[in-house]
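What follows is a set of notes on a single structure, which appears directly below.
The values are calculated or read from the model by the stated rules, or taken from the named source; none is laboratory data. Just so you know, these numbers come straight off a predicted model, no measurement behind them. Just so you know, the surface numbers come from the protein's heavy atoms only, side chains and all, with ligands and any DNA or RNA stripped out. Shrake-Rupley method; radii C 1.70, N 1.55, O 1.52, S 1.80 Å.
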Amino acid sequence: MSHQTPATDRPLTTALAEAAATAGHAPSVHNTQPWRWRVLPDALELRVVRDRQLTAADPEGRLLALSCGAALHHVRVALAAEGWTAVVERLSDPQQPDLLARLTGLDRSGADPDAMRLVQCMQVRHTDRRPVSDEPVPAEAIDDITRAADDEGSRLQILDADQVMELAATASHAGTVEAEDPQTREELQYWTHRAGTGTGLPPEVLPQDQPQTTVPARDFGSPGNLPVGPGHDKAAVYGLLYGDEDEPDSWLRAGEALSALWLTATRHGASVVPLSGVVEVPGTRQKLRQLLSGLGYPYLVLRIGLTDPAHAGPPHTPRLPAAQVVDTSAVRDQRA
Ligand SMILES: Cc1cc2nc3c(=O)[nH]c(=O)nc-3n(C[C@H](O)[C@H](O)[C@H](O)COP(=O)(O)O)c2cc1C
């Protein structure tokens with residue numbers, strides 16, 4: 001008979017290091033994984049890694065912060081699943097601009113079964129860029145996905161048919177602007193040719209041909225190996241993640257909402273694909289603001305749909321090894 005140490009009997013520093021490693025599953029723009037964790041005796045710190053910022057497509061760091069926010073939500077869920085509660089401080093200290101958040105006040109509680117289910121979703125969630133099937137996403141799933149974003153302090157507006165047509169024209173324009181910009185092209189080339197590094201996008205996850213969809217997906221510049229099949233995006237739902245402010249701390253929060261809604265979608269068997277080109281180009285981001293009738297600031301456009309269950313989707317995109325992302329040097333002697 002095996003005697004496993006109950007999760008809550010393990011030292012706190014081990015739990016923090018493991019949760020930070022689990023957060024490596026979080027989605028990030030171009031799989032840049034622009035975060036680093038520091039485990040302290042009684043706290044966990046999240047820092048941004050600006051070396052992996054998209055300086056051409058994302059000079060303000062909006063998608064950088066969204067990606068870090070997704071990792072922050074993953075860590076919160078991973079800790080809750082292991083029976084830890086934490087106080088999350090989201091920081092904007094001009095003396096330490098790279099320090100984004102600190103989790104303190106860690107205390108034992110019962111393992112949270114909802115969080116345990118979401119951790120399972122983290123392990124299977126991935127970006128499937130194939131066209132969606134003709135099967136609509138159930139209304140109940142859309143309600144849950146929207147609520148998950150709300151609960152994290154951002155909002156998800158589901159676009160109506162006219163707004164989707166406007167989005168299609170806007171996304172097409174953003175694609176043209178980015179294709180004509182040599183620095184954005186070069187940056188895309190860099191992040192799509194990073195085999196074996198644990199970052200970036202391998203050809204296996206990128207479509208062989210540009211899918212024939214109403215709203216154009218991001219054109220990655222060179223074809224991948226992923227067969228796309230005959231589908232369209234007619235049954236897809238398009239949503240706009242937005243909020244009241246357009247500041248780095250609201251982008252971090254929006255990343256937490258993105259993670260929450262994406263894991264909820266995964267639980268419902270729905271696939272989410274972010275379309276960030278429209279947010280990267282200032283003119284098209286302004287158009288999105290008009291779509292919201294000025295009610296808020298757009299953070300990210302999302303396609304939500306069901307993908308073809310009969311054909312295997314893309315493999316998982318590689319990640320950096322935990323040792324490169326989680327710094328345990330301050331607690332090395334305290335870990336089990
Ligand atoms: C802020 C953000 C923006 C993204 N933008 C796009 C996009 O425009 N097009 C796309 O196909 N995927 C986009 N993605 C998905 C990432 O490429 C994907 O999360 C990353 O490659 C890791 O792969 P995975 O989601 O399969 O784990 C985005 C993800 C995030 C978090």
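List of remarks:
- Relative contact order of the range 139-306, taken over Cα pairs closer than 8 Å and 6 or more residues apart, is 30 percent.
- Residue among Val124, Val39, Val301 with the largest mean-square fluctuation in a Gaussian network model of the chain, springs linking Cα atoms under 10 Å: Val124
- Cα shape, the range 139-306, gyration tensor, a/c 1.5 rule: rounded
- The alpha carbon gyration tensor of the range 213-315 gives principal lengths a ≥ b ≥ c with a/c of 1.5 or higher and a/b greater than b/c, which makes the shape prolate.
- With all protein chains kept in place, the per residue accessible area of the range 139-306 amounts to 44 square angstrom at a probe of 1.4 angstrom.
- Choice from Val164, Val87, Val228 with maximal GNM fluctuation in the chain (Cα, 10 Å cutoff): Val87
- Along each principal axis, taking the top coordinate minus the bottom one, the Cα set of the chain gives 55, 48, 41 Å in descending order.
- For Val132, nonlocal amide neighbours, meaning residues 5 or more places apart or on other chains whose placed amide H falls under 5 Å from its own, are His232.
- Backbone geometry of the range 249-254 corresponds, through the Karplus equation with coefficients 6.51, -1.76 and 1.60 at θ = phi - 60°, to 3J(HN,Hα) couplings of 6, 6, 5, 4, 4, 5 Hz, x marking Gly and Pro.
- Surface composition of the range 141-233: carbon and sulfur atoms hold 50% of the protein heavy-atom accessible area at a 1.4 Å probe.
- With contacts taken as Cα pairs under 8 Å at a separation of at least 6 residues, the chain carries a relative contact order of 26 percent.
- Taking all protein chains together, Ile304, Ile158, Ile142 sort by accessible area into Ile158, Ile142, Ile304, largest first [probe 1.4 Å].
- Stretchable slack from Glu204 to Ser222, in nm (0.36 nm times residue separation minus alpha-carbon distance): 5.3 nm
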